[in-house]
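Peer 1: Before I ask anything, let me first share the structure, which is written out below as structure tokens.
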Amino acid sequence: VEQALEQLKGIDKEILLLAHTAALLSWDQETYMPVGALEERSEQISLLQGLIHRRITDPRCADMFSALEANPDNPAGAARFSEIERAFVREAFRRYSRGTRIPESLVVEMARTASMAQGVWVQARKASDFSMFKPHLEKIIGLLKQIAECLGYTDSPYDPLLDEYEPWMTTREVEDVFCRLKQPLVELVQKIVDSDRKIDESVITARFPEQTQLRFNLLVLKAMGFEFDRGRLDVSAHPFTTTLGVNDIRLTTRYNEKFFPTSLFGTIHECGHGLYELGFGPRIKGGLLGNAASLGIHESQSRLWENMVGRSLRFWKGFFPLLSETFPGVLKGVTPQTFYEAINAVKPSLIRVEADEVTYNLHIILRFELEKRLIAGELAAADLPAAWKEESKKLLGIEPAADADGVLQDVHWSMGAFGYFPTYTLGNLYAAQFYAAMRRQQPGVEAEIEKGNLKPVRSWLADNIHVHGAVYPAGELCRRVTGEKLNPGFFLEYLEKKFGEIYGF
Ligand code: ZN
């Protein structure tokens, strides 16, 4: 039995090394690779992915899992193992089961279809013409239904798709949480729209030179505790964070000289992800448990830093002097309060990635409801644009005139990533609940933020969340850290207070 565990760890170690190598190739592709290298790079990456898949589904694993007494009813295996060992077996068994239940022919078909669909999606979005993308979307939905059947489910075919990104969480649980969030959010947006308070945003659309923005980004990363001997910051078209090794975390950002928030808040966001990846405890580092508990938890780390810390008045009381010193001409006569209001202006808009903290989650609820109906066969792809407009009108009070501003705006569906969207909002909800717990357990933390000292935030997150990696499933981690299961009340309370003060209600 001990031998089975050792063998399984050996395979896991190789998977991790291959995955980090593949991540290096992808990182390079997004940052420095010359365009001419694209074709061979794709081959290199898919070769590595094939090797990873072969190790995940290694036939010898079947005997190892049976020696460890791991099975679908008891994925964590024999009770006599330690907590960490059982968590490792649980996650390894989950990965093995998902990997072996889908026939290789289906995996290949999905990869080919998605790769083609992404290309078509780019063209369709350019032309703002959903009919070009429709046959590809239909094929993707058909394949996802087959994948859901292979993986198995008791309740909803959406469950096994969600499980890819938010392990151990069910569609029903997401529905319950979103249902409690939806109406209060719609009402809050209405109150803001109705308020006569007009926010002056001109301060953030002045010209902020790229090199100076970079300098300020680096100062903030340093204050957040990002370790530059274990990571770096570069530029890419779409910001992301990736892990190339346990001591090598790469962040990227992009610059817009005429809109200050893009780069700084993107950088803070990615650093939130990066600190999580830097913080896995010594017992779990370098293996399957040295990973996020779920995408929702990962996103909670980025959103907590970006929104609850970075977009707070406290943060700007601490950092505004440094900001005006860095951009002396641009911010003449601007106060922390005006600046704070400008970076927190709320207005319903069509594009998710440009949405503010309040309306953002309505964009997610819309996508979650539509993709669930598509997978359940309750909505045909042909009716998607009309359904999108109807939901958008209901939730945001506005509807897109063009497909490019509606149903074609996100890349996710063209990649076959159904079940991904909810993790963004789960991240916001976990973030608010974690932040509230941090404030209760460490009452002085906000006074420190106001002084520009962010160390207590990082160390609380590291001690309570980062150190555990994937040892506990997201739901259990949440209960351990905050004393209760995921509760959207914390997020709603946070929004009511913050935006009530800004908009005067
Ligand atoms: Zn993120």
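The values are calculated or read from the model by the stated rules, or taken from the named source; none is laboratory data. Keep in mind it's a predicted model, so treat the numbers as computed, not measured. In this analysis, Cβ positions are derived from the backbone assuming ideal geometry, glycine residues included, and neighbour counts consider all displayed protein chains. Please note that ligands, DNA and RNA were not included when accessible areas were found on the heavy atoms of the full protein model with its side chains. Shrake-Rupley method; radii C 1.70, N 1.55, O 1.52, S 1.80 Å.
Peer 1: If you scan segment 103-132, which residues turn out to be open to solvent by 70 Å² or more (accessible area, probe 1.4 Å), at pLDDT 95 or above and within 24 Å of the chain's Cα centre (by Cα)?
Peer 2: Arg125
Peer 1: Name the residue, out of Leu396, Leu379, Leu408, that is within 27 Å of Gly142 (Cα to Cα), buried (at least 18 other Cβ atoms within 10 Å of the Cβ) and in contact with a Leu (Cβ under 8 Å, 6 or more places away or on another chain).
Peer 2: Leu379
Peer 1: Moving on to the next point. So which of Val353, Val330 is at negative phi and not in a helix (DSSP H, G or I)?
Peer 2: Numbers: Val353 fails: not in a helix (DSSP H, G or I).
Matching residue, one of Val353, Val330: Val330.
Peer 1: Also, quick follow-up: How many of the residues making up segment 350-376 are open to solvent by 20 Å² or more (accessible area, probe 1.4 Å) and either of a type in the set (Lys, Arg) or touching a strand residue (DSSP E or B) at 6+ places or on another chain (Cβ under 6 Å) (or both)?
Peer 2: 2
Peer 1: Looking at segment 295-311 only, could you name the residues that are in contact with a Leu (Cβ under 8 Å, 6 or more places away or on another chain) and open to solvent by less than 10 Å² (accessible area, probe 1.4 Å)?
Peer 2: Gly296, Ile297, Ser300, Gln301, Leu304, Trp305, Val309, Gly310
Peer 1: While we're looking at this one, here's another question. Within segment 315-341, can you find the residues that are touching a residue at least 40 places away in the same chain (Cβ under 8 Å), over 25 Å from the mean Cα position of the chain (by Cα) and closer than 30 Å to Glu277 by Cα?
Peer 2: Lys317, Gly318, Phe319, Leu322, Leu323, Thr326
Peer 1: Something else about it: Got at least one residue in segment 315-325 being surrounded by 22 or more Cβ atoms within 10 Å (Cβ to Cβ) and within 15 Å of the ligand (Cβ to nearest atom)?
Peer 2: Within segment 315-325, none of the residues are surrounded by 22 or more Cβ atoms within 10 Å (Cβ to Cβ) and within 15 Å of the ligand (Cβ to nearest atom).
Peer 1: Is at least one residue of segment 232-239 open to solvent by 50 Å² or more (accessible area, probe 1.4 Å), under 18 Å from Glu306 (Cα atoms) and of a type in the set (Lys, Arg)?
Peer 2: no
Peer 1: If you don't mind, there's one more thing I want to ask. May I ask you to list the residues in segment 411-456 that are assigned to a loop (DSSP other than H, G, I, E, B), open to solvent by less than 10 Å² (accessible area, probe 1.4 Å) and touching a Gly at 6+ places or on another chain (Cβ under 9 Å)?
Peer 2: Residue satisfying the conditions is Leu454 alone.
Peer 1: Within segment 219-308, considering only strands (runs of 3 or more DSSP E) that don't extend past its boundaries, which have at least 2 residues that are within 15 Å of the ligand (Cβ to nearest atom)? I'd like the intermediate steps shown before the answer.
Peer 2: On the way: elements: 231-235, 241-245, 248-253.
Here the list reads 241-245, 248-253.
Peer 1: Can you tell me which residues in segment 62-80 are out of contact with any Leu (no Cβ under 7 Å at 6 or more places or on another chain), open to solvent by less than 70 Å² (accessible area, probe 1.4 Å) and in contact (Cβ under 8 Å) with a residue 24 or more places away in the chain?
Peer 2: Phe65, Ala67
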